[in-house]
Amino acid sequence: MPLTSSLIPAVNNIKSQILALWLSVSNNKTITTAAANKKISIFAALAFMSLYLIYNKFILPPPQIRHLPRAGFFEFVSSISKKRPYDEILKEITGPLAAKTDHGMYTAFSLVTGWAVYVTRPEAAKKLLLKTDLFPKHAPPKDKKDTILSKFIMGPNIISLPQGTQWKNQRIVNSQSSLLIPKFYNRFHRSMPIQLFGELAQKLFVEWDKEVDSLSIDVFDFMTRWTLDVIGIAGFDFNFNAIEEKDNEWVDRYNHIIKATFSPFFLLFPFFDSPYWGFLFPKRKRSHDELDLFLNKMQEIIVHKRQILENSDGISTVNKSTTEKDLLTLMLEAAKEENGKITDEEIKSNLCGFFIAGHDTTATAISNAMYNLATHPEVQEKAREEAIRVLGDQPEDVLPTLEQIKEMPYIQMVIKETLRRNTVLQSILARVVTEDTDLAGCVLTKGTRVGIDMMALHRNPLIWEDPETFKPERFAPGGEAEAVNKKHGTSWIPFSNGARMCIGINFSLNEQRVFLPMLLKKYELSLPDDSNHKEKLITTAISILKPVNLQINLKRRY
Ligand code: HEM
């Protein structure tokens, strides 16, 4: 008999015992030894019921998806907590599950979403992303309302809001009701802080050059510091100064919050993630306080920026050498033109969203590209030749212009192939099925949550030739990627697709297209002989698939 059905009568029995005991107490009966025994029974009953609830909520998927191939709860969660690289999980757990059916879908438990169905084929991904009325974004879970995850990311911002008026008001172009974010969105696309990207790359090189001629760096550590400074200045004109001061107050605070946001324990038990439980979890209370300080600082910056905008053109006060405007200025300008239809709360929430969406993601993408260049010397040489052809070979840093980065198609191919082979995000945020429907041959019922296993899609051998191999030429004009796209559509979606596609796609690609040629012109890259990553890139497995302790040797060319 399945465990659930054997548990139901037991639980009912316990429920009636609790009721009987409650009746006897309310009848003012003398408390005797029998009553003491009953107390023990209640305690046992509550413990038993809690176990039953945990079993039903976490360990078993919802009944409507139990027929699909399933990654066992303990196997999957323990793989993640043991920090197994995600491509191993794909090879040993999720890949074989996906291969079991024609539609390629399987179910797994995610710490952020709970149980969901995962898509691994382009046909299903296309329908999921384009039919937003059938598959809207899942509204932020109510049980996570007071959590750090919720306060930091799942507020009223473009990323988290489910489809609806508030999201449309923030995003859709040509909406009659509000043109706020559309205006911001257009400006965001037009005004790329290319010069800022270059200046901060130069600043990073100065840090590296303080070491000896040839050095080994912790790539991800430096790239997160670089992208933090980029998003701080480009986002709201605030200099974290993370490149120069690894551990200053604001960098520490930000890193603390990011770590706290994805704490597996509190993702699993959001009920305890509130300052009220501070007496039991004092460290968590500190995380809430740190987040409050961070959000208050943002509020201060918004108010201050508004005042500056009254009297000036809003051009960066931190980065005085440029006329590039930060995202906050663009939002406030758009808001002013539309009589302030966006609240401070929404602006603050969107700024937090830009952090979470644009910081570790781009740092991961650049670190992965550096790994691929270090492990493929012939690709590295070809990319360097292109950088030198456009920027020159003089022994000094050159900041590429927007026109120059367009003249480097091979580096663009390296970036795209890296985003395919070394997927940045494990999945998009879950969508929720609004009515029973067929998704590429798999019937899904209303209420089912669905995500996309990005790595399984990008390395699907039914779609890509020799998918494990790093081959930038796939993305050459008329190459494999074009053919795959023509045949299957939606096969390369590191930034998603459709109405909820990443709005930072150009921002992120341009960060990479400025940084990589400058890097290649100045340094030769290789893996240390004793690197753990010789065989393959080892990554984390929750949400953003970050490289783990990736050291790369840099040899200066000037
Ligand atoms: C390599 C870097 C990046 C990757 C791989 C990436 C990937 C993605 C993906 C897959 C989505 C869709 C999520 C979903 O539908 O659940 C998304 C959404 C989003 N991204 Fe990015 N992103 C990157 C960089 C950035 C940057 C730099 C920014 C901003 C500065 C940004 C801002 C956003 C926003 C605001 C959304 C929400 C759009 C919406 O739902 O309407 N992203 N990103």
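Listed values, structure above:
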{"quantity": "Residue match in the stretch 506-517 (condition: among the acidic types (Asp, Glu) and buried (at least 19 other Cβ atoms within 10 Å of the Cβ))", "calculated": "yes"}
{"quantity": "Counted residues, the stretch 493-509 - those being in contact with a helix residue (DSSP H, G or I) (Cβ under 6 Å, 6 or more places away or on another chain), more than 6 Å from the ligand (Cβ to nearest atom) and modelled with pLDDT of 95 or more", "calculated": "0"}
{"quantity": "Enumeration of residues in the stretch 526-535 that are within 27 Å of the chain's Cα centre (by Cα) and either hydroxyl-bearing (Ser, Thr, Tyr) or part of a strand (DSSP E or B) (or both)", "calculated": "Ser531"}
{"quantity": "Residue satisfying all of: in the stretch 122-139; touching a helix residue (DSSP H, G or I) at 6+ places or on another chain (Cβ under 7 Å) and buried (at least 20 other Cβ atoms within 10 Å of the Cβ); modelled with the lowest pLDDT among these", "calculated": "Lys137"}
{"quantity": "All positions within the stretch 106-156 that are in contact with a strand residue (DSSP E or B) (Cβ under 8 Å, 6 or more places away or on another chain), hydroxyl-bearing (Ser, Thr, Tyr) and in a loop (DSSP other than H, G, I, E, B)", "calculated": "Thr113, Thr120"}
{"quantity": "Matching residues, the stretch 510-553, being among the aliphatic types (A, V, I, L, M) and modelled with pLDDT of 95 or more", "calculated": "Val514, Leu516, Met518, Leu519, Leu520, Leu525, Leu527, Leu550, Ile552"}
{"quantity": "Inter-residue pairs, beta-carbon under 8 Å, first over 12 Å from Pro193 (Cα atoms) and without any contact (Cβ under 8 Å) to a residue 24 or more places away in the chain and in the stretch 503-526, second of a type outside the set (Ser, Thr, Tyr) and within 16 Å of the ligand (Cβ to nearest atom), 6+ apart", "calculated": "Ile505/Phe495"}
{"quantity": "Residue within the stretch 536-549 that is in a helix (DSSP H, G or I), in contact (Cβ under 8 Å) with a residue 24 or more places away in the chain and surrounded by fewer than 19 Cβ atoms within 10 Å (Cβ to Cβ) present", "calculated": "no"}
{"quantity": "Filter result for the condition that a residue is touching a Leu at 6+ places or on another chain (Cβ under 8 Å), surrounded by 15 or more Cβ atoms within 10 Å (Cβ to Cβ), under 26 Å from Pro193 (Cα atoms) and without any contact (Cβ under 8 Å) to a residue 60 or more places away in the chain, over Phe236, Phe222", "calculated": "Phe222"}
{"quantity": "Candidate set: the stretch 86-101, residues that are part of a helix (DSSP H, G or I) and among the hydrophobic types (A, V, I, L, M, F, W, C); chosen: the one surrounded by the fewest Cβ atoms within 10 Å (Cβ to Cβ)", "calculated": "Ile93"}
{"quantity": "Residue check, Ile342 in a loop (DSSP other than H, G, I, E, B), in contact with a helix residue (DSSP H, G or I) (Cβ under 9 Å, 6 or more places away or on another chain), of a type outside the set (Asp, Glu) and within 16 Å of the ligand (Cβ to nearest atom)", "calculated": "yes"}
{"quantity": "Only listed residue being basic (Lys, Arg) and within 15 Å of the ligand (Cβ to nearest atom), chosen from Lys546, Lys536, Lys487, Lys522", "calculated": "Lys546"}
{"quantity": "Some residue of the stretch 416-428 being surrounded by 22 or more Cβ atoms within 10 Å (Cβ to Cβ), more than 15 Å from the ligand (Cβ to nearest atom) and in a helix (DSSP H, G or I)", "calculated": "no"}
{"quantity": "Residue identified as in a helix (DSSP H, G or I) and within 16 Å of the ligand (Cβ to nearest atom) among Arg306, Arg253, Arg286, Arg225", "calculated": "Arg225"}
{"quantity": "Every residue from the stretch 434-443 that is over 26 Å from Phe475 (Cβ atoms) and surrounded by fewer than 22 Cβ atoms within 10 Å (Cβ to Cβ)", "calculated": "Thr434, Glu435, Asp436, Thr437, Asp438, Gly441, Cys442, Val443"}
{"quantity": "Pairs where the first residue, in the stretch 349-368, is more than 6 Å from the ligand (Cβ to nearest atom) and the second is polar (S, T, N, Q) and in a helix (DSSP H, G or I), C-beta under 6 Å, 6+ apart", "calculated": "His359/Thr227; Ala363/Thr224; Ala363/Thr227; Ile366/Gln512; Asn368/Thr418"}
{"quantity": "Every residue from the stretch 500-539 that is touching an Asp or Glu at 6+ places or on another chain (Cβ under 9 Å), over 19 Å from Trp208 (Cα atoms) and among the aliphatic types (A, V, I, L, M)", "calculated": "Leu537, Ile538"}
{"quantity": "Residues being exposed (fewer than 13 other Cβ atoms within 10 Å of the Cβ), under 14 Å from Trp115 (Cβ atoms) and of a type in the set (A, V, I, L, M, F, W, C) - total across the stretch 44-73", "calculated": "1"}
{"quantity": "Qualifying positions in the stretch 446-458 - more than 16 Å from the ligand (Cβ to nearest atom) and in contact with a helix residue (DSSP H, G or I) (Cβ under 8 Å, 6 or more places away or on another chain)", "calculated": "Gly447, Thr448"}
{"quantity": "Complete set of residues in the stretch 442-487 that are touching a strand residue (DSSP E or B) at 6+ places or on another chain (Cβ under 7 Å), part of a loop (DSSP other than H, G, I, E, B) and either on the phi < 0 side of the Ramachandran plot or without any contact (Cβ under 8 Å) to a residue 12 or more places away in the chain (or both)", "calculated": "Thr448, Asp453"}
{"quantity": "Residue in the stretch 76-95 that is under 16 Å from Asp453 (Cβ atoms) and among the basic types (Lys, Arg) present", "calculated": "yes"}
{"quantity": "Any hit, the stretch 212-222, residues being within 16 Å of the ligand (Cβ to nearest atom), under 18 Å from Asn549 (Cβ atoms), under 23 Å from the mean Cα position of the chain (by Cα) and not in a loop (DSSP other than H, G, I, E, B)", "calculated": "yes"}
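Residue-by-condition table, conditions (1) at pLDDT 95 or above; (2) of a type in the set (Lys, Arg):
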{"position": "Glu378", "(1), (2)": "yes, no"}
{"position": "Lys382", "(1), (2)": "yes, yes"}
{"position": "Glu386", "(1), (2)": "yes, no"}
{"position": "Leu399", "(1), (2)": "yes, no"}
{"position": "Glu407", "(1), (2)": "yes, no"}
{"position": "Met413", "(1), (2)": "yes, no"}
{"position": "Glu417", "(1), (2)": "yes, no"}
{"position": "Asn422", "(1), (2)": "yes, no"}
{"position": "Ile428", "(1), (2)": "no, no"}
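The values are calculated or read from the model by the stated rules, or taken from the named source; none is laboratory data. Quantities reported herein were computed from a predicted structural model and do not represent experimental measurements. For neighbour counting, all protein chains shown are included, and Cβ atoms are generated from backbone atoms with ideal geometry for every residue, glycine included.
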